[in-house]
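> Let me begin by handing over the structure; questions about it come next.
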Amino acid sequence: MNNSRSFDGMDLNRSTLDVGSITNSIFDIIKKENIVAVGDFHSTSINSIPGRDAIFCTLKPTIESYNIGKYVAEKVGCDLLKYNIAGSNFKGALEDECNLIGVPSITGEVLSPFGYLNESSFKRSMFQMYSFLEYFKIL
């Protein structure tokens, strides 16, 4: 992807409803397999949104999104970015579209230099993922 959010002309972070996009294919699997919760993990760079380690979640329609997000953010020591209603700020984001169909979801972000993965950002992202799984008592 050449260090870009775009692939085949689509913004992968906002293309959940775009038929044929990779994110739409993931969304279809989530619905088909009756997935009960989703953690979508990303990196962010300085001067982008959020530009810091954070967990995105929503209060409505699935309060469980907030509960998961709060747990993970507290566990890993990062910011919790909560929004009142899914889809109101990031239309087409996997997390929001999942929450809108009743699948509680969060997005984890770790600060990493643009186009570069260092050991620290990798470990912080893994800690977010482990904490997500701990919430469900999988780990």
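> Counting only chymotrypsin sites (Phe, Trp or Tyr not before Pro) that sit in a DSSP loop (anything but H, G, I, E, B) with at most 14 other Cβ atoms within 10 Å, what is the longest stretch of the chain containing none of them?
1-113
> I want the antiparallel fraction of DSSP beta bridges within the chain, as a percent rounded to 5.
Roughly 30 percent of the beta bridges in the chain run antiparallel, per DSSP.
> Identify all lysines with a Cα-Cα distance to Lys31 below 25 Å; exclude those on the same chain that are fewer than 8 residues away in sequence.
Lys60, Lys70, Lys82, Lys91, Lys137
> Here is a further query. Using only C-alpha atoms and all pairs of different ones, pull out the Kirkwood radius for the chain in Å with one decimal.
15.1 Å
> Compare the Cα positions of Gly51, Leu94, Asn118 along the charge dipole of the range 36-135 (+1 at Cβ of Lys, Arg; -1 at Cβ of Asp, Glu; about the Cα centre) and return the one farthest towards the positive end.
Of the listed residues, the answer is Gly51.
> Which length gain, in nm to one decimal place, applies between Asn118 and Asp79 when the Cα-Cα distance is subtracted from 0.36 nm times their residue separation?
Gain on extension, Asn118 to Asp79, equals 12.0 nm.
> Moving on to the next point. So between Val36 and Asp18, what do we pick up on full extension, going 0.36 nm a residue minus the alpha carbon distance?
Extra length from Val36 to Asp18 when fully extended: 4.3 nm.
> On a full-extension model of 0.36 nm per residue, what is the gain between Asp11 and Ser48, subtracting their alpha-carbon distance, rounded to one decimal in nm?
Additional length available on full extension: 11.9 nm.
Since every read-out is calculated from the coordinates, none of them should be taken as a lab result. As the structure is a computational prediction, the values presented were derived from the model and not from experiment. Ideal geometry is used to build each Cβ from the backbone, glycine not excepted, and the neighbour counts take in all protein chains shown.
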